[in-house]
Structure formats: C-alpha cells, structure tokens
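Undergrad: Below is a structure I'd like to ask you about.
What follows draws every value from the coordinates through simple rules; no lab data is involved. Not measured: the values here are computed from a predicted model. A quick note on method: Cβ atoms are made from the backbone with ideal geometry, for glycine too, and the neighbour counts reach across all protein chains shown.
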C-alpha cells in the first residue's frame, strides 16, 4: 500500500503523469491559497466517493454503474461546495465555477471505476487519500512557482479570515523583475510543461533502474 501511495506522487501522478484534471489545475493554480483549497476539496470528495462506491459495489448493476458514480460524486461535491460557501466565502469566490466542476474531474470518476468498484472500503479510502494528496501536491508545486514569478511572493491566507496571514514570504527587491505572464493561461501551460517534463525524466530513470535490476 505504501508503494502505491508513493507511486501516486511521481510514477502515477494524476496531473504530471496521467494529465488528468488539467482544466482546474491550470485555471486556479494562480495562488497558493487556491491550490490548497481546491486540493483539499478534491481529496475529500475522492475519499468519500471511493468509500461509498466501494460499499455499494456489489449492489450496483454493471449497466447503470457510471450514472450511479456521477450521482454519488455530484452529491458530495454539492455538500463540499455548500460547506466552503458557508465557512470560507473568500475561498469560494476565488475557486468560482471550478469548485462545481469537481463533479466532472476525471480523477474522481476514474478512481471510482478503476479502483473503488473492485476493492474493499479501507483500500478504497487509502487510494482516494493518496490520489487526492498527489493532485494537491501537483497543484501546490505549480501555484508556488506561478505566484512567486508573478508577484515575487507566496502568501497563504487563513481561508476563514482572509485578512489573516498564516505564513508566507515576499522579496520586495524582486518586484521590478516579476513576470506577469506566469499568472496568465500561457504561464500556466509553460510551468505545467516544465514540471511534466521533469516528472517524465524521473519516471524514465526509475524504469531504467528497474530494467537494470531485472537483468542482474
């Protein structure tokens, strides 16, 4: 299980290796706050959807499994959206329509079909947590680079009190050298492409080592 959890970050990262959920990743990764908020929302939906679908897997007919998965996921997303709206309105406004679009995130439906529908509850919950953390990891990496390049700072505000800074760093001397392009859609694609290439290199190196080990 630990191996699967570790592989989900590099070898099978849903964003950098499988290129899933890119719409929300590229759109809301402008700030660290958005990345953490969206990552946590997706992780919560992943865990609970995997658990519910695993519990119902023997009761769901094969012919209607996809509509059932979508109903479960949509219900969970609606609950999460309402909670965020009620308790973290600033985050809700920042994520905008992309919070609702978690319903059609390919990662969630993909894990329901590929894993939760075939495994026990505990394994499904662990899979949801691992994939959610891998998704959040990718979002955070991209957002940190984009926010730093665009503003010369990375700041994390309290989602419940947007006036309160939890942590962050800023380099005033870098302000004249910031790159507003990083905050645009073009910048999102460029940063993503660099990370995707880096993770592909790591994945290829790991595959080469495995081949060498098999030969020995």
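Undergrad: Report the residue, chosen from 47, 66, 108, that carries the largest GNM mean-square fluctuation when the chain is represented by alpha-carbon nodes joined by springs under 10 Å.
TA: Between 47, 66, 108, it is 66 that shows the largest mean-square fluctuation.
Undergrad: Please work out whether region 1-126 counts as rounded, prolate or oblate from its C-alpha gyration tensor, where a ≥ b ≥ c are the square roots of the eigenvalues and a/c under 1.5 means rounded, while otherwise a/b larger than b/c means prolate and anything else oblate?
TA: Oblate is the answer for region 1-126, as a/c is 1.5 or above yet b/c matches or exceeds a/b.
Undergrad: While we're on this one: What ranking, highest mean first, results for peptides 159-165, 21-27 when packing means the other Cβ atoms within 10 Å averaged over each residue?
TA: Put in order of decreasing packing, that is 21-27, 159-165.
Undergrad: Rank 169, 148, 16 by mean-square fluctuation in a GNM of the chain with C-alpha springs under 10 angstrom and give only the top-ranked residue.
TA: 169
Undergrad: Something else now. Could you please state, rounded to a whole Å, how far the C-alpha centre of region 118-188 is from the C-alpha centre of region 193-216?
TA: 26
Undergrad: Restricting to Cα pairs below 8 Å that are 6+ residues apart, what does the relative contact order work out to for the chain? Please round to a whole percent.
TA: Working: 288 pairs, mean separation 68.0, N = 216.
Relative contact order comes out at 32 percent.
Undergrad: Another question, then. What list do you get for 145, 72 if you sort them by fewest beta carbons within 10 Å?
TA: Fewest-to-most Cβ neighbours within 10 Å comes out as 145, 72.
Undergrad: Once fully extended, how much extra length lies between residue 19 and residue 200, figured as 0.36 nm per residue of separation less the alpha-carbon to alpha-carbon distance?
TA: Answer, rounded to one decimal: 64.0 nm.
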